[in-house]
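Values quoted throughout were computed directly from the atomic coordinates according to the rules given, and no laboratory measurement underlies them. Quick caveat: nothing in here was measured; it's all calculated off a predicted structure. Virtual Cβ from ideal backbone geometry, glycine too; neighbours counted across all protein chains shown.
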Amino acid sequence: MSDAPSIVWFRDDLRVADHPALHAAIERGAPMVCVYVLDEESRGIRPLGGAARWWLHGSLTALADALDQHSGRLVLRRGPADRVIRALVDETRAGAVFWNRRYGGPERDLDARLKQALRDDGLVVESYAANLLFEPWTIRTAQGTPFSVFTPFWRACRSAPEPRHPLPAPNGADAITPADAATDDLDDWDLLPTHPDWAGGLRDAWTPGADAAHARLRDFLDDDLVDYADGRDVPSEAATSRLSPHLRWGELSPYEVWHAVRERRSDGAGASRFLTELGWREFAWHVLFHAPDLATRNWRAEFDAFPWPRLHPTALRAWEEGRTGVPLVDAGMRELWSTGTMHNRVRMVTASFLTKNLLVDWRRGEQWFWDTLVDADAASNPFNWQWVAGSGADAAPYFRVFNPELQATKFDPDGVYVKRWVPEAGTDEYPEPIVDLKETREAALAAYEHVKAAR
Ligand code: FAD
């Protein structure tokens, strides 16, 4: 065995349990540099939104604590990741580099180039599957092409070998021997908002980090899984797992979630529905893997013919700020601004309202969610926006324009959710809707005729 240190490069996997790259470095036995690189410079890598930066600060603090419990140390560096990692290799005379895979286009290109360059220099470089249950290239149609429809995709996943069991956390207080390397001070990265500090609602709603993620998973399994299939559509109830940001940052691995749920198979319909939702996460990444520009380009090319009218900035701002005069839409947008999340049902309603009733290009809405969601990820966010807008993979048929009033009657019949976020709804203080729902629906359907003609 060589004594030359191992570098473990942490990315969207801010945990120590079920971390194949960390596991491999421990097995190798040499001293270790555990590094996170804040990369805001590499070409094509999308800069994090504000809510995501807030989360990252908390998550890195938690990861540093977790490594410390095994005598490890988290090293923080900033800059273009390939240059930073190569500099760290030179500085520490590392002999091996390990990481868990990423699936976005620019990230994959960077990782592939770096892997080759380091191997050419004689280093051991290994990457692992850790953040998806099924590697996107392993799930294919009978013709060998990627899937574009969820149901057969998920059927193919379910007939593939069962996802592996999670790996254990490092064993014991001295499982890691840290190698010497200087680190940035996390506070110098200015990830937290200060002027103004808008993160109070996020702090109230969330605790980033693996410990909180595991506690959340346990509570969800004990209290909500059994009724998940029915409860998941009711925005006033905390009936869903709220695991999405923890999964986004990899504080918890999908393998851990998968097997924890499988062990509760007795929870029948709830468990199976929940696993299907994890399947949607897999599908979003599958689609992104094969269409890396999902956040900027219509997945269905015929939507390039959609005649988006000139942007009406006041309407967009009213939507962002939850002042459209449509109670369910305003409730969702205010929940988002305040807490960094929004219930899935209401995400669909607000996205439909923006793209169809206000006829604002889905990319505008996607960008707003990117900036304000703590769970914003490069696959799920554009995938779902395109799903609602009609331009995406396995998308809702275009004519399915969500009616926010009917949705409220059905899923918030007593108005509990709306009253929580829009207490003035129904009083004189509350504005009239900024658009007529029926007229704008018809205008949207008329605009869609251009897409039909382009098919
Ligand atoms: P649960 O109902 O408990 O579901 C369990 C897990 O399954 C979630 O944590 C998530 O990882 C996954 N999941 C569930 N539904 C979906 C879905 N439709 N697509 C992908 N994964 C899913 N989810 C994100 O994680 N990041 C995003 O940036 C994101 N943007 C969205 C934008 C729009 C316009 C819409 C309509 C949905 C978006 N979603 C996104 C999907 C979904 O709303 C959230 O995953 C869900 O609300 C998170 O809450 P939960 O963890 O309680 O979900």
- Mind checking which residues of the range 141-176 are surrounded by 14 or more Cβ atoms within 10 Å (Cβ to Cβ) and either among the small types (Gly, Ala, Ser) or part of a loop (DSSP other than H, G, I, E, B) (or both)? Pro146, Phe147, Ser148, Ala156, Pro163, Pro166, Leu167, Ala169, Pro170, Ala175, Ile176
- Task: Among the residues of the range 406-448, write down those that are among the charged types (D, E, K, R) and surrounded by 13 or more Cβ atoms within 10 Å (Cβ to Cβ).
- Result: Asp412, Lys419, Arg420, Arg441
- Hits in the range 177-207 (condition: out of contact with any strand residue (DSSP E or B) (no Cβ under 7 Å at 6 or more places or on another chain) and not in a loop (DSSP other than H, G, I, E, B)): Asp187, Asp188, Gly200, Gly201, Leu202, Arg203, Asp204, Ala205
- Collect the residues in the range 103-122 that are in contact (Cβ under 8 Å) with a residue 24 or more places away in the chain and surrounded by 19 or more Cβ atoms within 10 Å (Cβ to Cβ), keeping them in residue-number order. Tyr103, Gly104, Glu107, Leu110, Leu114, Leu118
- Query: What residue, among those in the range 272-290 that are more than 9 Å from the ligand (Cβ to nearest atom) and buried (at least 21 other Cβ atoms within 10 Å of the Cβ), is farthest from Arg155 (Cα to Cα)?
  - Reply: Leu288
- If you take the residues of the range 309-326 that are closer than 12 Å to Asn357 by Cβ and assigned to a helix (DSSP H, G or I), which of them is farthest from the chain's Cα centre (by Cα)? Ala315
- Considering each residue of the range 371-400, count those that are aliphatic (A, V, I, L, M), surrounded by 22 or more Cβ atoms within 10 Å (Cβ to Cβ) and either in a loop (DSSP other than H, G, I, E, B) or more than 14 Å from the ligand (Cβ to nearest atom) (or both), and give that number. 6
- Message: For the condition in contact (Cβ under 8 Å) with a residue 24 or more places away in the chain and away from the ligand (no atom under 14 Å from the Cβ), what is the one hit in Ala213, Ala199?
- Response: Ala199
- Determine whether Val326 is over 24 Å from Trp249 (Cβ atoms) and surrounded by 24 or more Cβ atoms within 10 Å (Cβ to Cβ). yes
- Message: Restricting to the range 93-113, name every residue that is part of a helix (DSSP H, G or I) and either in contact with a strand residue (DSSP E or B) (Cβ under 8 Å, 6 or more places away or on another chain) or polar (S, T, N, Q) (or both).
- Response: Asp111
- Message: Could you go through the range 71-78 and let me know if any residue there is in contact with a helix residue (DSSP H, G or I) (Cβ under 9 Å, 6 or more places away or on another chain), charged (D, E, K, R) and part of a helix (DSSP H, G or I).
- Response: no
- Note on the structure: Those residues of the range 218-251 which are part of a helix (DSSP H, G or I), within 10 Å of the ligand (Cβ to nearest atom) and not small (Gly, Ala, Ser) amount to Phe220, Leu225, Tyr228, Pro245, His246, Leu247, Arg248
